[in-house]
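Read through the structure below, which is laid out as structure tokens, and then see the notes.
The values are calculated or read from the model by the stated rules, or taken from the named source; none is laboratory data. Computed from a prediction, not measured in an experiment: that's the story for all the values here. All Cβ positions, glycine included, derive from the backbone under ideal geometry; neighbour counts span all protein chains shown.
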Amino acid sequence: EYQGIDTGVGNTQYSGQVTLTTTQSGSTYTLTDGARGGHKTYNLNHGTSGTGTLFSQTSDTWGNGTNSNAATAGADAHYGAQETWDFYKNTFGRSGIKNNGVGAYSRVHYGNSYVNAFWDDGCFCMTYGDGSGNAKPLTAIDVAGHEMSHGVTSNTAGLNYSGESGGLNEATSDIFGTGVEFYANNASDVGDYLIGEKIDINGNGSPLRYMDKPSKDGSSKDNWYSGIGGVDVHYSSGPANHFFYLLSEGSGAKVINGVSYNSPTADGLPVTGIGRDKALQIWYRALTTKFTSTTNYAGARTGTLAAAGELYGTTSAEYKAVQDAWAGVAVGS
Ligand code: ASN
Ligand code: ZN
Ligand code: CA
């Protein structure tokens, strides 16, 4: 009987109809991505341990666009893993979370009304709750990219998940999660500098975080200050998210893909953006060759400047933009 890689269809909740890489084994298809290290997607069916069951059916069309069909969240999660793999491979030449060509796995339908998603280095796996009322799984693509990027950080800089390094760890996940969302270029989930805008975690349509002006969420910090290491890592990430937005897009008001941004600087001086592609290269090079487990904001400035110098030269516009963007979030020399 035939065994091999197949191209299926996912009717996702957040990204419309997408192509999924699956595996056919005779008359059965599974959510196993043979083109990306064998990444598998499992259904926990409201359990909270083990792997549940591998998504498996006799058709290669998955989900119906809502969470009333168990395979819908599977399709979103499988798509998120696929796009995250391709983003790292095609943007940085990184082959999987460990850069060894080996896929991870995803588990969906964790528990009941569980409003979170998380990466676990131990199982080398991703887990997604179904959200409030089991209606909004946390499987949107920027969330998927955010969570799997925690695995990349663990396997590179290893930024400690507390204090300033914890904020930089969280920001790294927001930065690359956003990179994945723009990379996927999905018409139903266009790229933006918002985090979690699709999962409606606040119940009023607002996103979880804003990179242009992090304080818009009511808790995140726009700029560095002495003592920021004492706040929750999801809020001390603010200055680095703000830095990344300024470096990519520059200060001031701007509309991108229909979303309005306004990014004031701490010093009141303008920043000229260098584009997201270059900003991503600088952050990735810093993460993988400069940052360590204890890197703080001052070290992130030094590390990204070193990365920009190596990539573009120390007299380049890119290098100056890195200096200006850090000054714009009150991280000085
Ligand atoms: N979803 C959360 C995050 O990735 C889980 C956690 O608190 N680590 O930040
Ligand atoms: Zn995170
Ligand atoms: Ca987003």
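Taking the criterion of being without any contact (Cβ under 8 Å) to a residue 12 or more places away in the chain and within 25 Å of Val152 (Cα to Cα), the residues of the range 278-333 that qualify are Gly299, Gly309. Take His109 and tell me if it is out of contact with any Leu (no Cβ under 6 Å at 6 or more places or on another chain) and either within 13 Å of ligand 2 (Cβ to nearest atom) or modelled with pLDDT of 95 or more (or both). Against the criterion (out of contact with any Leu (no Cβ under 6 Å at 6 or more places or on another chain) and either within 13 Å of ligand 2 (Cβ to nearest atom) or modelled with pLDDT of 95 or more (or both)), His109 does not qualify.
The set of residues from the range 135-167 being of a type in the set (A, V, I, L, M), within 13 Å of ligand 1 (Cβ to nearest atom) and in a helix (DSSP H, G or I) comprises Val143, Ala144, Met148, Val152. All of (1) surrounded by fewer than 23 Cβ atoms within 10 Å (Cβ to Cβ); (2) more than 13 Å from ligand 2 (Cβ to nearest atom); (3) assigned by TED's automatic domain parsing to the domain that holds Ile228 hold for Asn155 with one exception: (3). Taking the range 190-203, which residues are in contact (Cβ under 8 Å) with a residue 60 or more places away in the chain, of a type outside the set (Lys, Arg) and out of contact with any Lys or Arg (no Cβ under 6 Å at 6 or more places or on another chain)? Scanning the range 190-203 gives Val190, Gly191, Asp192, Tyr193, Leu194, Ile201, Gly203.
Within the range 226-245, residues that are on the phi < 0 side of the Ramachandran plot sit with their Cβ atoms under 9 Å from residues that are among the aromatic types (Phe, Trp, Tyr) and surrounded by fewer than 21 Cβ atoms within 10 Å (Cβ to Cβ), at 6+ positions apart or across chains, in these pairs: Ile228/Tyr235; Val233/Tyr161; Pro239/Tyr225; Tyr245/Tyr261.
Within the range 218-237, the residues that satisfy the criterion of being crowded, with 18+ Cβ neighbours inside 10 Å and either among the aromatic types (Phe, Trp, Tyr) or under 21 Å from the mean Cα position of the chain (by Cα) (or both) are Ser220, Lys221, Asp222, Trp224, Val233, His234, Tyr235, Ser236, Ser237. If you go through the range 168-196 and pick out every residue that is farther than 18 Å from Met148 by Cβ and within 16 Å of ligand 2 (Cβ to nearest atom), you end up with 1.
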